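The values are calculated or read from the model by the stated rules, or taken from the named source; none is laboratory data. The shown structure was predicted, so the numbers you read here are calculated from the model rather than taken from an experiment. Here Cβ is always computed from backbone atoms with ideal geometry, including for glycine, and neighbour counts include all displayed protein chains. SASA here: full protein model, heavy atoms, side chains in, ligands and nucleic acids out. Shrake-Rupley method; radii C 1.70, N 1.55, O 1.52, S 1.80 Å.
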Amino acid sequence: RGLIDGLRIDHIDGLANPRSYCRKLRRRLDRLSQQRPAELAGEHLPIYAEKILGENEDLQRDWLLDGTTGYEFMNQVSLVQHDPKGAIQLYDLWSRVSGRPADFMEEVIEARRMLLTSSLSGDVETVAQGLLAIARQDLKTRDLTLSALRRALVELVVHFPVYRTYVTSCGRTTPDQVEFFNIARTNAKTSLPETDWPLLDYLDAWLGGEALHSLPPGATRDLRKRVIARFQQLTSPTAAKAIEDTACYRSAVLLSRNDVGFHAQVFSASPAQFHYRNSLRAARFPNNLLATATHDHKRGEDTRARLAVLSERAVWFSEKVAQWQQLAVNLRAELADGIAPSAGDELILYQTLLGCWPPELAPDDQEGIQAFLARLLKWQEKALREAKLRSFWTTPNADYEAACASFLTRLLTTEEARELRENIASAAFAIAAPGALNSLGQTLLRMTCPGVPDLYQGTEFWDFSLVDPDNRRPVDFAARQDSLKQSVDSCCCQPGRMNELLHQWQDGRIKQWLIHCTLNTRKRHPELFQKGEYQPLVVEGEKAEQVIAFTREYQGDCLLIVVPRLTAGLIPEGELPQVPATAWGDTCVILPPAMSGRMFTNPLLANLRYLAPAGRLPVKQLLADCPVHLSIAQTAQEFSGVAEAEPTFVKSLTQGELHDERT
């Protein structure tokens, strides 16, 4: 009846054969679409799969999906907002304070071993018994023991670089699938005795290295098929439970790099790498979803964006942590199994407080603090149990959890912790403006990069949520509707109103206005955003590495996007989430010759227009009136129509000053 726009498949890797399922579903959906109302009949209905892609892994194109649910885009935006210069300091801080490894993959491997010998031991045994049955069908392998096969299997799964492989009747049919298994086999040798290495060769052949169709039909082929399916359904939950549900709560070099679908072992990426991923998506999955917040995220999109600022202020943060540890001495408890909270859990708490402290919350606001505390206590309980170090879901450590809850409660509410509380709040406010600018950049990128933006409910305002259930609280839609109506009524034809939103940025209306204007632009130019060619732009000048710029072009229409990054050193503390124009110096965006001399319209500034000079656009002028830049250059005919319909303001961009000509 036209009530469904598309399908989202959760936990696709839990299926025995995701490829077969997705292809059947695609055919079924295409047939059903012919039965829809006449105006919708035959319209393509997209299918998206929640698929966590490993590093250097791509979605299988022969599944006939429109793309993933966009976790990999969350990771790509996060990477480009982290400063590589802060990595060494933050790695050292975490390992020195917590006593745990700074290498995220060490935590993953340890967690996988723990899971495979506990909650997933039954699944391991099922696969091991299947491998033993296969071994007994061949004279060369019939003497292999169950314990030896189990040992080799566990180490293979422990070192698996992706969630799973996708073996068909032809075996592993793509180079990347072969490579992923080879990586696991090679790394498994580092933890297995050399006498066990030949076992890995047998497992390689039995688990997809040999094509199933090369075996005679019957019990042998059926057994091999069942064992392969169960093996692939073992590696997937092992990865999910070890990474998302364990290591992300054990490791905290910087919590903004720990989230679902992230490659937490990678700290940062350059704009060039970000552009490469966008270009790849445009070529392979142009309708892939683009997410920055989901029902499963560990921290809200704006919490992560603020925490990313710590990568730019790593030394400052290290000094703050040392101060806070001293101020918190009397808040800790001594238990039989050690200090509570542990040094690692305390550092995780400090990062969490910095990241999600509401912009409007004063440290002496008792009512606001109590509401904040209630949310944090629920997060803390989950974080401690998911880490599986001092407490567990199956066997909660009541004493440790109570001591940690007492630490947090006293920190936020008591007179004895006033200095510590005020110091943490002051630090959160110090990084709030560059964090908010990260958020605005992230928001604009999600809605303009190749793909379909997925806006999680409620995130039109600032999203300082924590892991579920915090990110699934009821949304006050009425407040968002009222706010948008007021912004539309007051901002529609006045460029100066952006300045008002900027000065009141703490209330989140500036983010909502950015979303509103950008989505309206998408609505006016659907083909430009869906089919527009993605072209990274060269940025030159003293702050070139702190700018992301690209165009999207389709049949004469052109979209220009300019977003700042790594701006903590450019924004004076306590100022607005906007880089002062003078801070950009001689930084310029280089436009392709075909776009020079064209008239651009900026919908974020009430359709203010500017004539692009030949070649070079000064960033200090592009970002003079708005923290981020979006503008459209249209064909002559379309531009003429807009000019007659809407009041506009024209600016001429030159190498010198901006000249404002109101028309």
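Observations
- The H on the amide N of Thr173, modeled in the peptide plane, is under 5 Å from the matching H of Thr168, each at least 5 residues off or on a different chain.
- Sequence-separation-based contact order of the stretch 1-142, relative, with Cα cut under 8 Å and 6+ spacing, percent: 18 percent
- Qualifying lysines (Cα of each under 23 Å from Cα of Lys388; at least 8 residues distant if same chain): Lys241, Lys298, Lys378
- Qualifying trypsin sites (Lys or Arg not before Pro) for the stretch 1-67 [loop in DSSP, other Cβ within 10 Å: at most 12]: Arg1
- Residue by residue, the stretch 455-469 carries 3J(HN,Hα) couplings of 9, 6, 4, x, 7, 5, 8, 4, 10, 9, 6, 10, 5, 4, x Hz when phi is fed to the Karplus relation 6.51 cos²θ - 1.76 cosθ + 1.60 (θ = phi - 60°); x denotes Gly or Pro.
- Computed over protein heavy atoms with a 1.4 Å probe, the carbon and sulfur contribution to the accessible area of the chain reaches 52%.
- Per residue, the chain exposes an accessible area of 41 Å² to a 1.4 Å probe, with every protein chain left in place.
- Degrees separating the helix 104-116 axis from the principal Cα axis of the chain, which is the longest one: 40 degrees
- Angle in degrees between helix 146-158 and the longest Cα principal axis of the chain, rounded to the nearest 10: 10 degrees
- With Cα atoms, 0 to 90° folded angle of helix 477-491 axis to the chain main axis: 30 degrees
- Residues whose amide H falls under 5 Å from that of Arg616, counting only those 5 or more places apart or on a different chain, are Leu591, with hydrogens built in the peptide plane.
- Subtracting the Cα-Cα distance of Gln129 and Gln325 from 0.36 nm times their residue separation leaves 65.5 nm of extension gain.
- In the distance distribution for the chain, Cα-Cα pairs more than 42 Å apart total 33 percent.
- Scanning residues 5 or more positions from Leu290 or on other chains, those with amide H under 5 Å from its amide H are Val452, Asp454, with H placed 1.01 Å from N in the peptide plane.
- Computed from phi, the 3J(HN,Hα) profile of the stretch 257-271 under the Karplus parametrisation 6.51, -1.76, 1.60 (θ = phi - 60°) reads 9, 10, 7, 4, x, 7, 9, 5, 6, 9, 8, 7, 8, 8, x Hz, with x in place of Gly and Pro.
- Working from label points 7 Å from Cα in the Cα-to-Cβ sense, the Gln457 to Leu377 distance is 2.6 nm.
- Relative contact order (%) - criterion: Cα under 8 Å, at least six apart; region: the chain: 13 percent
- Model label points for Arg23 and Tyr276, set 7 angstrom from Cα along the Cα-to-Cβ axis, are 3.1 nm apart.
- Fully extending the segment from Asp5 to Ser147 would add 46.1 nm, taking 0.36 nm per residue of separation and subtracting the current Cα-Cα distance.
- Maximal additional length on extending the Ser118-Ala333 stretch stands at 74.4 nm, based on 0.36 nm per residue less the C-alpha distance.
- Label-to-label distance, His213 versus Ser33, with points set 7 angstrom from Cα along the beta-carbon direction: 2.9 nm.
- Derived scalar couplings ³J(HN,Hα) [the stretch 409-415; Karplus, 6.51 cos²θ - 1.76 cosθ + 1.60; whole Hz; x for Gly, Pro]: 5, 5, 4, 8, 10, 9, 5
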